[in-house]
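*Asks:* The structure follows.
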Amino acid sequence: MANHIHPAGVTLVEGRTLRCRGAWTMSDVAPVDHALKGMAWPARSALVFDTSGIEAFDTGGAVVLFRALMEAKRRGCEVSIEGLRSDYAQLMSLVSSNWDAIVAEVAPRPNGGERLKTAISTHLARMIQGMEFLGESTTALVRLVAAPRRMRWRSCLNSLRLDGVNALPITGLLTFLIGVVIAYQGAEQLRKFGTNIFIVDLVGISLLREIAPLIAAILIAGRSGSAYAAQIGTMKVTEELDALQTFGLSPIELLVLPRVLALVVALPLLTAYADVLGVFGGMLIASNQLNVSFTAFLSRFDEAVALRHLLIGLGKAPFFAVIIALVGCYQGFQIRGGVDDVGRHTTISVVQSIFLVIIFDAICSILLNWWNL
Amino acid sequence: MHELPPTLATAEKVGVPVIEVSHVSTRFGQAVVHRDVSLTVLRGEVFAIAGGNGCGKSTLLREIIGLLTPTTGTIHLLGTDSRELTQSNGRPLHRRFGVMFQHGALFSSMTLAENVAVPLREHTSMSADVIRDIAALKIALVGLPPDSAIKFPSELSGGMRRRAALARAIVMDPELLFLDEPTAGLDPMIAAGFDDLVLNLKRLLGLTVVMVTHDLDSLWRIATRVAVLGDGQVMGVGTMEELARSEEPAVRSYFHGPRGRAASLTHAGTASQRD
């Protein structure tokens with residue numbers, strides 16, 4: 001292969017002949033394309049494409065040449081090709097016979113109003129699907145209460161281990177640190193007023209009532225909600241869910257209810273555990289920075305933090321659990337088609353469950369405030 | 001002045017070896033996949049690699065295109081050691097072959113037209129509208145309607161996705177086209193259409209085709225030569241007629257099973273239409 005070839009080029013000679021030369025191949029034809037775009041085309045005359053100088057040719061070159069022909073025709077020239085080798089001519093006929101398909105006007109993807117309309121309708125449809133899923137889960141739960149022996153205890157206990165027990169270290173560490181942070185921030189202000197002992201109220205009430213349940217819920221949403229979506233979604237992609245249905249088994253009963261139940265048990269327990277470690281973190285800082293000893297802290301804790309704060313915090317946890325588990329499973333079922341969808345819906349499940357958890361928490365705060373709790 | 005680029009101009013020399021696999025052995029840990037496999041693929045032919053499940057066909061294909069490295073032995077692809085493909089100087093070689101993966105391997109975040117245009121955008125400096133036209137030409141050549149260009153892979157059927165993957169594999173006018181199980185999972189009508197499409201493109205673009213397949217019908221219809229792998233070794237190489245007459249037990253059992261006989265009866269008289 002010692003043949004050497006000139007770079008691709010094109011020159012207009014005397015306004016009548018377009019001399020093409022060199023390698024008209026995909027990797028080399030780009031300069032020709034640019035030259036043709038900037039060329040002063042002769043108007044309304046006979047134009048001869050002299051292609052005898054073309055030394056290499058592929059479909060890329062053929063497309064560029066054909067585009068030039070069409071451009072010349074559009075400007076009213078009468079075009080003819082000279083000196084095209086027969087195998088190159090075959091490529092040209094390949095392009096010309098498919099030209100209609102190449103330039104076919106493809107309806108663009110809808111935009112503006114059309115897109116808004118489809119967006120609204122898909123969101124509405126999704127909301128309805130969500131409601132359907134909620135309804136199906138509820139009826140499955142009712143059926144299960146009627147016949148508790150059908151509960152998948154094994155899978156429920158497995159979930160409890162994965163989503164409860166295995167989450168202990170991270171939950172504990174995080175709430176401990178949150179307790180430390182709250183106490184630190186409070187210590188600064190309280191010391192100014194000499195009201196060191198109120199650190200107990202600050203740490204106790206805020207952690208027990210709001211922060212520990214929220215932190216636990218957000219952690220579990222990221223840890224377990226996403227896992228539920230990914231697990232169920234993968235099963236859907238690999239048609240395992242369809243296989244279950246052909247055996248007459250309900251995926252909701254088999255996959256959703258055990259997970260919901262496990263989380264309803266696990267999250268309040270995790271919250272209680274988080275309460276303990278959070279308060280402990282606050283206690284450490286109190287004794288360290290504010291000279292409030294452990295005994296002083298605990299005796300004040302008894303009178304300052306009413307039992308209802310603990311109960312409100314723990315009481316919210318099962319609702320958070322239901323939200324997280326249902327959103328995770330629902331997003332898993334929503335996965336259609338390919339593997340890329342799994343990632344998308346996993347992300348959505350985390351964002352949505354955290355969003356709903358916080359909304360629910362805000363509603364609780366408002367209602368409890370009304371009832372003076 | 002520069003070296004003749006790899007184009008149709010060079011595709012005329014039929015019969016020159018384009019792939020030389022010599023004494024390749026492959027082991028994954030304890031498992032032996034190939035033992036001393038040697039093959040030669042000639043320019044202009046449709047070379048098929050056949051054999052039972054798990055006999056290392058796809059592994060061999062992946063070694064030829066440089067995705068895997070054989071444990072011992074060498075593979076030359078268009079005169080270059082395929083190990084160079086993994087290095088940065090393998091770039092020019094990458095333009096000279098196209099690969100169609102079994103499940104299409106289309107990039108799911110891009111439309112069909114964008115998928116097909118990826119090699120053009122990465123390897124050439126052509127303007128966007130020329131790239132669009134070349135991509136549209138290749139989409140038309142594989143028989144997909146123009147409006148499929150704006151669809152995403154998830155919106156295409158299995159057969160269409162296969163065609164789209166083929167369009168992407170041939171977009172750079174490669175000299176060599178690799179097909180991994182091109183007709184697996186397609187219905188007989190679409191599979192036959194796909195066989196015709198491959199033959200047609202081979203004729204139009206002067207391709208050399210290497211395919212891994214189980215499909216006895218497409219072996220009879222389009223393969224110039226077939227290598228049968230079994231037990232990690234090459235059991236036989238030759239045209240389908242030669243292999244069908246072979247006395248080698250492993251080859252006989254492959255081609256003379258109930259399906260093999262049916263396919264050979266159907267194609268006995270039509271084998272000459274291959275070119």
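What follows draws every value from the coordinates through simple rules; no lab data is involved. Everything quoted here is computed from the prediction, not taken from an experiment. When we count neighbours, we look across all protein chains shown, and the Cβ atoms used for this are built from the backbone with ideal geometry, even at glycine.
*Asks:* Expressed as a rounded percentage, what relative contact order does chain A have, with Cα pairs under 8 Å and six or more residues apart?
*Replies:* 17
*Asks:* Follow-up. Give or take rounding to whole Å, what are the principal axis extents of the alpha carbon atoms in the protein assembly as shown, in descending order?
*Replies:* Computed over the Cα atoms, the extents are 102, 71, 46 Å.
*Asks:* Next up: For a footprinting-style exposure proxy, rank A:99, A:370, A:153 by other Cβ within 10 Å, fewest first.
*Replies:* Listing A:99, A:370, A:153 from fewest to most nearby Cβ atoms yields A:370, A:153, A:99.
*Asks:* Looking at the stretch A:228-281, which chymotrypsin sites (Phe, Trp or Tyr not before Pro) are in a loop (DSSP not H, G, I, E or B) and have at most 10 other Cβ atoms within 10 Å?
*Replies:* Answer by residue number: A:247.
*Asks:* So, one more: So what J values fall out for the stretch B:30-40 if you push phi through Karplus, 6.51 cos²θ - 1.76 cosθ + 1.60 with θ = phi - 60°, rounded to Hz, Gly and Pro as x?
*Replies:* Running phi through 6.51 cos²θ - 1.76 cosθ + 1.60 with θ = phi - 60° gives 7, 6, 8, 9, 10, 10, 6, 8, 10, 8, 10 Hz.
*Asks:* Using 5 Å bins from zero, what percent of all Cα-Cα pairs in the stretch B:123-220 falls into each bin?
*Replies:* It works out to 3, 12, 24, 24, 20, 12, 4, 2, 0, in whole percents.
*Asks:* Can you tell me how much longer the chain between residue A:372 and residue A:52 gets when fully stretched, taken as 0.36 nm per residue apart minus their C-alpha distance, in nm with one decimal?
*Replies:* Here the segment from residue A:372 to residue A:52 would lengthen by 105.8 nm.
*Asks:* Would you mind calculating the gained length between residue A:79 and residue A:37 on full extension (0.36 nm times residue separation, minus the Cα-Cα distance), in nm to one decimal?
*Replies:* 13.4 nm
*Asks:* Just order A:9-19, A:251-261 by mean Cβ neighbour count inside 10 Å, highest at the front, would you?
*Replies:* Ranking the peptides A:9-19, A:251-261 by packing returns A:251-261, A:9-19.
*Asks:* Residue-wise, which Karplus ³J(HN,Hα) couplings in Hz belong to the stretch B:175-183, taking 6.51 cos²θ - 1.76 cosθ + 1.60, θ = phi - 60°, and x for glycine or proline?
*Replies:* Couplings: 7, 10, 10, 9, 10, 9, 6, x, 10 Hz.
*Asks:* Once R0 is set to 35 Å, what does the formula 1/(1 + (r/R0)^6) return for the Cβ-Cβ distance between residue A:344 and residue B:69, expressed as a FRET efficiency to the nearest 0.05?
*Replies:* 0.50
*Asks:* By count of other Cβ within 10 Å, fewest leading, how are A:195, A:295 ordered?
*Replies:* A:295, A:195
*Asks:* Same structure, new question: Helix-derived [θ] at 222 nm for chain A: sum -39500 (n - 2.57) over DSSP H runs of at least 4, divide by residue count, nearest 500?
*Replies:* Result for chain A, helices only: -22500 deg cm²/dmol.
*Asks:* Per residue of A:18-30, what is the mean number of Cβ atoms on other protein chains within 10 angstrom of that residue's Cβ?
*Replies:* 4
*Asks:* At 20 °C and a viscosity of 1.002 mPa s, what translational diffusion coefficient does Stokes-Einstein give for chain B, taking Rh as the Kirkwood radius over Cα pairs? Give it in µm²/s as a whole number.
*Replies:* Translational D for this selection: 111 µm²/s.
*Asks:* In µm²/s, what is D for chain A at 37 °C and 0.692 mPa s, where D = kT/(6 pi eta Rh) by Stokes-Einstein and Rh is the Kirkwood radius from Cα pairs?
*Replies:* Reported coefficient: 122 µm²/s.
*Asks:* Please give the calculated 222 nm ellipticity per residue for chain B, where each DSSP H segment of at least 4 residues contributes -39500 (n - 2.57) and the sum is spread over every residue; nearest 500 deg cm²/dmol?
*Replies:* -10500 deg cm²/dmol
*Asks:* Right, next: Which helices, counted as full DSSP H runs in chain A, have an axial Cα extent of no less than 18 Å and a Kyte-Doolittle average of -1.0 or above?
*Replies:* What comes out of the filter, once short or polar helices are dropped, is A:59-74, A:113-146, A:168-193, A:257-289, A:307-334, A:339-370.
*Asks:* Just to be sure I understand the model, the point goes 7 Å from the Cα along the line to the Cβ. What's the resulting residue A:193 to residue A:246 distance in nm?
*Replies:* My value for the distance between the label points is 7.0 nm.
*Asks:* So what are the ³J(HN,Hα) numbers for the stretch A:49-55, from phi and the Karplus equation (6.51, -1.76, 1.60; θ = phi - 60°), rounded to whole Hz, Gly and Pro as x?
*Replies:* With coefficients 6.51, -1.76 and 1.60, one gets 8, 8, 9, 5, x, 6, 9 Hz.
*Asks:* Using a Gaussian network model on chain A with a 10 Å cutoff between Cα atoms, which of A:287, A:224, A:159 fluctuates the most?
*Replies:* Result for chain A, Cα springs under 10 Å: A:287 fluctuates most.
*Asks:* Between residue A:139 and residue A:12, what FRET efficiency follows from the Cβ-Cβ distance if R0 is 51 Å, with the result rounded to 0.05?
*Replies:* 0.05
*Asks:* Can you put B:33, A:64 in order of Cβ neighbours within 10 angstrom, beginning with the fewest?
*Replies:* B:33, A:64
*Asks:* While we're looking at this one, here's another question. Over the stretch A:1-108, with a single point scatterer placed on each C-alpha, what log10 of the ratio I(q)/I(0) does the Debye formula yield at q = 0.15 1/Å?
*Replies:* Results for the stretch A:1-108 at q = 0.15 Å⁻¹ read -0.62.
*Asks:* Please list, in chain and number order, the residues 5+ apart from residue A:81 or on another chain whose amide H is under 5 Å from its amide H, with Hs placed from the backbone.
*Replies:* So residue A:81 has HN proximity to A:49.
*Asks:* Still on this structure, I have one more. Long-range amide H contacts for residue B:210: which residues qualify at under 5 Å (H placed 1.01 Å from N, peptide plane, sequence gap of 5 or more or a different chain)?
*Replies:* Long-range HN contacts for residue B:210: B:47, B:177, B:178, B:179.
*Asks:* Scan around residue B:68 for amide H atoms under 5 Å from its own, H built in the peptide plane at 1.01 Å from N, and keep only partners 5 or more places away or cross-chain.
*Replies:* B:63
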